[in-house]
Every structure is written in structure tokens, then in C-alpha cells.
Amino acid sequence: DRLLGGLLAEVSSEEDFTGKSGQSTVLRLPGLGSKRVGLIGLGQSASSPSAFRGLGEAVAAAAKTAQANSVAVVLASSEGLSNESKLGIASAIASGAVLGIHEDNRYKSESKKPQLKSLDILGLGTGPELEKKLKYAEDVSSAIVFGRELVNSPANVLTPAALAEEASKIASSYSDVISANILTAEQCKELKMGSYLGVAAASDNPPYFIHLCYKPLSGPIKAKLALVGKGLTFDSGGYNIKTGPGCSIDVMKIDMGGSAAVLGSAKALGQIKPPGVEVHFIVASCENMISGTGMRPGDILTASNGKTIEVNNTDAEGRLTLADALVYACNQGVEKIVDLATLTGACIVALGPSIAGVFTPSDELAKEVFEASEISGEKFWRMPLEDSYWESMKSGVADMVNTGGRPGGAITAALFLKQFVDEKVQWMHIDLAGPVWNEKKRVATGFGVSTLVEW
């Protein structure tokens with residue numbers, strides 16, 4: 001401000017710029033080497049990763065508007081920050097900028113490419129430690145972009161076969177640490193996956209059951225984990241077809257948002273190669289369509305653990321595919337499972353569009369994942385697994401029905417999934433129906449990837 005003869009102070013008072021979060025103002029300055037100087041508000045006490053990621057996104061937005069090809073970012077006050085904080089802030093700004101500059105233009109006939117080539121972050125240190133942190137941020141950001149593009153892809157492009165192909169590509173790109181096993185409908189039938197195959201039965205696009213496995217290059221394995229993602233590449237609702245306002249049938253390509261988070265995490269782990277952990281990535285992918293071969297309301301399906309399900313609503317299909325995927329995950333000998341699914345509208349009603357619901361009987365697992373989310377900046381809220389609500393899921397003719405009515409719909413859905421998890425395994429269900437999609441911009445967010453990778 002001193003070098004500019006008090007210009008920034010002047011503009012701040014004229015434009016009422018107080019540094020509030022989300023405020024910004026950009027000045028054009030000829031003859032100074034840099035064409036513009038911008039002020040971006042961070043709020044009074046920005047300390048969370050999401051605040052600095054937001055700064056990175058705001059910088060990307062300003063760069064887009066100005067068609068800038070290089071940007072430098074400096075914090076107005078970085079005194080008193082620990083080295084650790086500086087590293088965290090720099091990597092959050094970098095992530096925000098990479099994600100902010102990304103535009104999915106694959107399906108547009110004409111599109112502008114972003115001009116931004118370089119981002120300098122000033123005053124937050126240099127050296128190998130920072131390089132390592134930025135490399136990690138880059139790997140996670142590219143995995144988030146991959147996840148976004150999967151969810152954005154329409155159902156006529158991203159079929160179950162295409163999703164399986166994307167998974168196979170991850171395994172071949174990182175074949176030193178990741179292997180793939182893709183099961184056909186026939187193989188799933190041999191494994192008695194009647195619940196999953198019931199959902200797939202109506203579609204002309206065959207189902208594919210995806211199983212990737214990450215094993216570190218060397219050293220002992222201290223933990224075996226599974227990430228299970230719901231992979232409905234399109235959900236019509238089946239015979240309980242989605243109708244009426246708010247049914248969102250037009251965006252049901254997003255019903256594989258859980259699998260996008262899981263496969264995005266696989267891609268990131270292939271790049272980062274963490275030691276000491278074996279991870280299974282599991283997706284029972286299919287479409288829920290309508291035809292003469294499709295499941296009807298009232299049909300009884302038998303899952304691979306022998307439990308029987310009376311289908312009282314064909315639009316509660318995600319949990320039917322996850323049932324067999326969870327049984328399969330337990331059979332891999334894992335200690336902990338996290339499943340992610342765009343499972344219920346009820347969870348959006350409860351928590352709004354930007355917070356995912358978390359259901360788990362394990363306090364230990366909850367603590368681990370919530371600590372990871374503190375760093376990732378993604379928002380989660382733990383919900384109750386109220387066992388008494390299971391009464392509404394009892395069937396007169398089978399072990400259970402697949403929906404329990406409107407009250408507590410996200411809870412009864414989680415209780416349904418619990419029936420397919422081995423009691424010895426720590427398990428968490430994440431309902432990300434809200435935060436997987438940005439309704440305002442009508443694009444995917446890539447939600448879930450950064451928390452899973454951090455965990």
C-alpha cells in the first residue's frame with residue numbers, strides 16, 4: 001500500500017472493503033510489472049484449511065476474469081505462523097487454485113481454456129518439505145478433478161462398463177501398487193449376489209462389479225481397509241419411477257458419486273503410495289432401469305450372506321447393491337470399512353446441501369475420519385444409528401423390507417446396510433447425497449476424495 005501511494009487503503013474505504021470472507025476487489029495498475037493487484041477477504045480469524053482453499057479458489061476466479069497467466073499470492077499478515085501452519089496454508093491455497101481453475105468442458109462444442117500457467121505463493125517458505133506438501137496437494141487435487149469428471153459424465157457415456165474401464169485404467173497406470181478384478185454378472189451370480197443383480201436386471205447395460213486392491217511397494221501391512229462406493233450410473237427409480245417436482249431424475253447421473261470418491265481415492269493412492277496399509281476399493285456398478293425383466297415392488301431378493309429382502313420400493317436400490325458389496329468387502333479380511341453413497345434425499349433434508357451424514361457404531365473410526373476431515377475441510381456430521389427404528393424395516397414374509405417410510409429415512413437406510421456388515425469389522429456409512437453436487441453451478445464437487453486419502 002505504501003509503494004502504491006496509499007491506493008489500496010483508498011480503494012478499501014471507497015468500496016467498503018473490510019476483508020470479510022468472500023469479498024474481493026481488483027485494481028488495474030499500468031507500468032508496474034504486474035497488471036493488476038487484487039484484495040481478497042479471508043475474514044477475521046481464518047485458520048481452517050477450507051478458508052485458505054477458498055482463497056485459492058477466489059484467486060483462480062480472479063485470474064480467469066483477467067485472463068491472467070501468472071499470479072502471485074501473499075498473505076497480508078503471516079507473522080507468528082508456525083512452520084507447520086505455513087505448509088498447511090500453502091498447500092490449501094494451491095489446492096483451491098487448481099480446483100478453482102478446473103472447468104469440465106468435455107461436452108461443450110466451444111470452450112475457453114484457462115490461461116493460468118503459474119501460481120507463486122510468497123512468504124510461506126521454500127524447500128523440500130514444502131515441495132512434498134505441494135506434490136501431495138497436486139495428487140489429491142488431480143484425483144478430485146477425476147472424481148468430478150466421473151460424476152459430470154452423463155449416463156449415455158458413463159455406463160457400468162465405462163466405469164469399470166476407468167477403474168482398470170487406474171490399475172494399469174499404477175500397476176506397481178494397484179491390481180484390478182472386474183466381475184461380470186455371471187461371476188456375481190456364482191457369488192449369490194441376488195440383491196445387487198436384482199437392481200441390475202432391467203437394464204440393457206450389463207452390471208460390472210469393480211474390485212481394485214492397493215498394496216504398498218514394501219514393508220509390513222499394519223491395517224487392511226475397504227472403501228465401498230455406490231455406483232448407480234443412472235437411477236430411474238425402477239417401477240417406483242421418480243416423478244414430480246424435486247425428484248431430480250434429470251441429475252441421476254450423480255448416483256455414482258460414492259464410487260467416484262472411491263475411485264478418485266484409488267488414483268491418489270496410486271500416486272502417493274502410502275506405506276503400511278492395504279486398501280480394497282469396491283463398487284457394485286449398474287443401472288436401475290425399467291423393463292419386463294426388472295424387479296417389481298413386492299419381489300423378494302436373497303443377498304450373498306443369505307438374508308432375504310422384500311422390495312417395497314424399487315427406488316431404494318442403492319442399498320440393495322451396497323448389501324452385496326459390503327458382504328464382499330468383509331470377505332476380503334479387512335478390519336475397517338467406509339462406504340459412501342448418494343443414498344437418501346432424507347439426508348439432504350436433515351443436513352442441507354453441503355454436509356454429509358455419518359453413521360457408525362464405532363467411536364474409534366468416527367474419530368479417525370473426523371480428524372482427517374479437519375485437514376481436508378470437507379463437512380461431515382455424525383447421525384444416530386437408532387436401533388429401535390429397525391422395527392419399521394421388518395417384513396411379514398422376508399427378513400426385512402428395503403425402506404421404512406419417510407421419518408428418519410437416512411437412519412433406517414444406514415440400519416439396513418448394517419445387516420450386511422460382519423460384527424467384527426469397524427464400519428462407517430457416509431451419505432453424501434447433498435455435497436456431491438453443486439446445484440448452483442450444476443456441476444460435481446468431487447466430495448469425499450480428500451478426506452478418504454487423508455484418512
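The values are calculated or read from the model by the stated rules, or taken from the named source; none is laboratory data. The model shown is predicted, which means the values in this text are computed figures rather than measured ones. Cβ placement follows ideal geometry from the backbone for every residue including glycine, while neighbour counts extend to all protein chains displayed. Ligands, DNA and RNA are stripped out before the accessible areas are found, and what is left, the full protein with its side chains, is counted by its heavy atoms. Shrake-Rupley method; radii C 1.70, N 1.55, O 1.52, S 1.80 Å.
Assorted remarks:
- Per residue accessible area in Å² of region 2-126, where ligands, DNA and RNA are left out and the probe is 1.4 Å: 63 Å²
- Alpha-carbon Debye profile of region 2-126, log10 I(q)/I(0) at 0.09 Å⁻¹: -0.27
- When both bridge partners sit in region 1-152, DSSP labels roughly 50% of those beta bridges antiparallel.
- Across the options SER21, SER259, LEU232, the greatest Cα extent toward the positive end of the charge dipole of the chain (unit charges at beta carbon of Lys, Arg, Asp, Glu) belongs to SER21.
- With K and R counted +1 and D and E -1, the other residues having a Cβ less than 12 Å from that of TYR107 yield a net charge of -1.
- Simple Cβ-charge dipole of region 217-283, Lys/Arg +1 and Asp/Glu -1, about Cα centre, in debye nearest 20: 260 debye
- Fully extending the segment from SER388 to LEU122 would add 90.2 nm, taking 0.36 nm per residue of separation and subtracting the current Cα-Cα distance.
- What the Cβ-Cβ distance of GLU138 and VAL397 gives, at R0 = 51 Å and to the nearest 0.05, is a FRET efficiency of 0.40.
- Only Lys, Arg (+1) and Asp, Glu (-1) charged, at Cβ; the chain dipole about Cα centre in debye: 880 debye
- Gain in span if fully extended, ARG28 to SER78, counting 0.36 nm per residue against the direct Cα distance: 15.5 nm
- ILE375-THR184 pseudo-label distance in nm [points 7 Å out on the Cα-to-Cβ vector]: 4.2 nm
- Within the accessible area of region 146-454, the carbon and sulfur atoms contribute 52%, probe 1.4 Å, all protein chains present.
- Estimated from helical segments only, the mean residue ellipticity of the chain at 222 nm is -11500 deg cm²/dmol, where each DSSP H run of four or more residues counts as -39500 (n - 2.57).
- Length gained when the stretch ARG106-VAL349 is fully extended (0.36 nm per residue, less Cα-Cα span): 84.3 nm
- Here region 1-96 exposes an accessible surface that is 49 percent carbon and sulfur, computed with a 1.4 Å probe and the other protein chains kept in place.
- Cβ-Cβ FRET estimate between ASP422 and ASN69, R0 fixed at 56 Å, reported to 0.05: 0.55
- When each of the peptides 302-310, 256-264, 37-45 is scored by the mean number of other C-beta atoms lying within 10 Å of its residues, the order from highest to lowest reads 256-264, 302-310, 37-45.
- Between helix 363-376 and the chain: long-axis angle, C-alpha atoms, 0 to 90°, nearest 10: 30 degrees
- Cut-off 18 Å (backbone N to label point 7 Å along Cα→Cβ of LEU217), residues of region 275-315: 275-279
- Qualifying trypsin sites (Lys or Arg not before Pro) in region 43-133, DSSP loop, other Cβ atoms within 10 Å at most 13: ARG106, LYS108, LYS112, LYS117
- Net dipole in debye of region 2-126 [+1 Lys, Arg Cβ; -1 Asp, Glu Cβ; about Cα centre; nearest 20]: 460 debye
- Cα→Cβ-extended label distance, 7 Å offset, between SER48 and ASP16, nm: 2.6 nm
- Isotropically averaged projected area of the chain, using the convex hull of Cα atoms (one quarter of hull area), nm²: 24.2 nm²
- Taking each of LYS113/LYS441; LYS267/LYS307; LYS192/LYS273; LYS215/LYS336; LYS64/LYS169; LYS133/LYS267 in turn, the alpha-carbon distance tops 24 angstrom for LYS267/LYS307; LYS192/LYS273; LYS64/LYS169.
- Remark: relative contact order (region 146-454) = 23 percent; criterion is Cα-Cα distance under 8 angstrom and separation of 6 or more residues.
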